[in-house]
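Take a look at the structure below.
No lab work stands behind these numbers, since they all come straight from the coordinates. The structure displayed is predicted, hence computed values, not measured ones. Every residue, glycine as well, gets a Cβ built from its backbone with ideal geometry; the counts of neighbours run over all protein chains shown.
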Amino acid sequence: MVEIRPFRAIRYTAKAGNLEDLVAQPYDKITPDMQDKYYARSDFNYCKLTLPKEDNRYEISKQRLEQWFKDNIFVKDANPGFYVYFQDFELNNRQYTRKGFFAAVKLHHFDEGIVLPHEWTHKGPKIDRLNMLKATQKFLEPGFMLYNDPEKKTIQIFDEVAKREPDMDVIDDLGVRNRIWKIEDPKLIKAIQEVLAAPPGQVVIADGHHRYETACGYRDELRKTRKNWTEDDAANFRMTLLVPVQDEGLIILPTHRVLAKHRLTPAHWDEIKKYFTVQEIPKEDIEQFMLQHPQHAFVIYTDGKAFGIILKDLAVVDQFLKEEHADSYKTLDVVIVSEVLFKGILKAEQLHIDEDIFYIRWLKDALAKVDSGEATLAVIMNPTKADQVLEAAKKGERMPQKSTDFYPKMISGLLMEDISEGERLPS
């Protein structure tokens with residue numbers, strides 16, 4: 001069963017300055033140029049904690065946190081709560097609001113079947129974030145998880161709470177408006193907890209797999225070493241944004257696959273035509289073609305020409321899979337491209353990022369990569385759907401690399417969670 005608890009968030013005080021000058025993009029999205037701009041923007045910009053320029057960055061983050069608490073730049077809320085979070089943004093000339101809330105989610109290893117992953121992780125990022133966690137004793141940035149709320153009970157609560165003025169309101173560098181309202185009402189907190197605990201009582205990690213696994217490993221270590229450890233210890237829970245899959249503002253963008261070296265020969269096209277219908281389309285009609293064919297359809301762009309392809313029969317996917325997989329996995333477009341088109345037809349088994357393959361968010365950028373000669377072909381994708389992520393994860397499946405791109409990213413610097421010794425959460 002999923003267990004979530006209110007927590008006492010750490011937040012900037014008015015003394016720190018304007019919130020617009022303090023917040024930053026997530027640490028793994030910050031380029032060196034962005035880092036310079038954040039450093040210049042404020043002495044207390046959050047980037048100086050999540051991604052310091054200095055070589056001894058873990059120790060620097062720890063020292064800054066301690067000093068900023070002494071100087072009343074940060075303060076911890078007196079009472080625990082949940083924190084409703086709305087992100088208002090525009091995409092393709094349409095307005096959206098993603099609605100969710102921050103809570104402390106109890107940590108479970110993946111084999112317990114409560115918190116489920118949807119992608120594979122790598123060792124490097126886990127080591128970096130573990131070092132930062134040990135140094136600061138804080139979850140500086142939240143995780144991001146999906147949950148099921150078929151009756152939209154939590155969304156109704158969020159909308160009611162959002163009728164009052166937000167506690168925090170800031171527009172970030174990408175033009176996304178971020179608003180937060182704190183919930184302390186025990187009845188509302190219990191109502192939200194009941195939705196998350198309802199059968200099957202599972203959540204799926206949308207973003208932040210590395211940091212979640214890091215949190216689990218560190219929690220296991222603390223259980224053995226902390227003298228006064230209890231299961232209410234804050235380190236047994238991870239600050240997380242939770243968003244219902246029913247939320248209309250939950251947007252996943254497609255990630256287009258662009259190959260740097262592989263070229264399609266006449267023999268390749270003969271193979272493609274065995275499994276896909278193929279039609280040449282004008283370059284300017286690519287987006288319309290994808291909208292008209294939301295499932296198992298792709299556009300191959302190469303040598304200045306675009307070809308719309310549609311899978312003839314899902315059953316053929318089995319011919320290309322080397323292992324048994326759930327049906328919810330076989331129907332994923334990212335799997336069809338990876339297993340049928342790349343590995344099966346092109347024999348492209350090992351593709352190294354930024355060397356053999358580029359993963360590109362925007363259509364125009366993917367096409368430009370081919371037109372410039374930096375790549376040989378692009379495969380234009382439709383986005384993976386949130387319910388597909390949920391269903392595949394429940395079956396124990398992990399998707400191919402770069403299967404999901406949840407948009408927008410959560411801004412950093414709004415909240416952090418203290419997991420230092422003695423910090424406990426209400427049961």
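Worth a mention:
- Remark: spin-label model distance D365-D77 equals 3.4 nm, labels positioned 7 Å along the Cα→Cβ axis.
- Subset of K70/K409; K15/K37; K29/K152 violating a 23 Å alpha-carbon distance limit: K70/K409; K29/K152
- Working from Cα pairs under 8 Å separated by at least six residues, relative contact order for the chain is 25 percent.
- Our helix-only sum for the chain, with -39,500 (n - 2.57) per DSSP H run of n ≥ 4 divided by its residues, gives a mean residue ellipticity at 222 nm of -8500 deg cm²/dmol.
- Cα-based reach from K227 at 16 Å (exclusive), listing aspartates and glutamates while leaving out same-chain residues under 8 positions away: E421, E423
- Amide N of region 284-302 lying under 14 Å from the label point, which is placed 7 angstrom from the Cα of W269 along Cα→Cβ: 300-302
- Using the average count of surrounding beta-carbon atoms within 10 Å as a protection proxy, the listed peptides 156-167, 230-241 rank, highest first, as 230-241, 156-167.
- Entries in K62/K385; K274/K322; K99/K138; K76/K187; K138/K224; K99/K126 that, when Cα-Cα distance is taken, lie over 30 Å: K62/K385
- Simple Cβ-charge dipole of the chain, Lys/Arg +1 and Asp/Glu -1, about Cα centre, in debye nearest 20: 680 debye
- Across region 254-382, the relative contact order, built from alpha-carbon pairs under 8 Å that are at least six residues apart, equals 48 percent.
- Cα shape, region 64-120, gyration tensor, a/c 1.5 rule: oblate
- Backbone N under 18 Å from the L314 label point (7 Å along Cα→Cβ), restricted to region 332-370: 332-341
- Where a label projected 7 Å from the Cα of A326 along Cα→Cβ would reach, residues of region 100-118 with amide N under 20 Å: 108-118
- Proxy reagent accessibility, fewest Cβ within 10 Å first, across F358, F320: F320, F358
- Of R398, R361, the sequence from fewest to most neighbouring Cβ atoms within 10 angstrom is R361, R398.
- Across region 1-91, C-alpha contacts under 8 Å between residues 6 or more apart give a mean separation that, scaled by the residue count, equals a relative contact order of 44 percent.
- Entry note: region 254-382 has Rg to Rh equal to 0.93, where both radii use alpha-carbon atoms and Rh is the Kirkwood radius.
- As a rough guide to protection, the peptides 342-349, 295-302 ranked by mean Cβ packing within 10 Å, highest first, stand as 295-302, 342-349.
- Ordered by the number of other Cβ atoms lying within 10 Å of each residue's own Cβ, fewest first, L65, L19 fall into the sequence L19, L65.
- Each of Q401, V379, G308 was placed along the dipole of the chain (beta-carbon charges, centred on the mean Cα), and the one lying farthest toward the positive end is Q401.
- The residue among I114, T240, Q63 whose Cα reaches farthest toward the positive pole of the charge dipole of the chain, with charges on the beta-carbon of Lys, Arg, Asp and Glu, is Q63.
- 5 angstrom amide H check on L51, placed H, neighbours 5+ away: none
- Relative packing of 114-120, 421-427, which averages over residues the other C-beta atoms within 10 Å, highest first: 114-120, 421-427
- Gap separating the Cα centres of region 68-101 and region 276-349, nearest whole Å: 38 Å
- Listed by chain and number, the aspartates and glutamates placed with their C-alpha closer than 13 angstrom to that of K394 are D111, E112, E119, D327; residues fewer than eight positions away on the same chain are left out.
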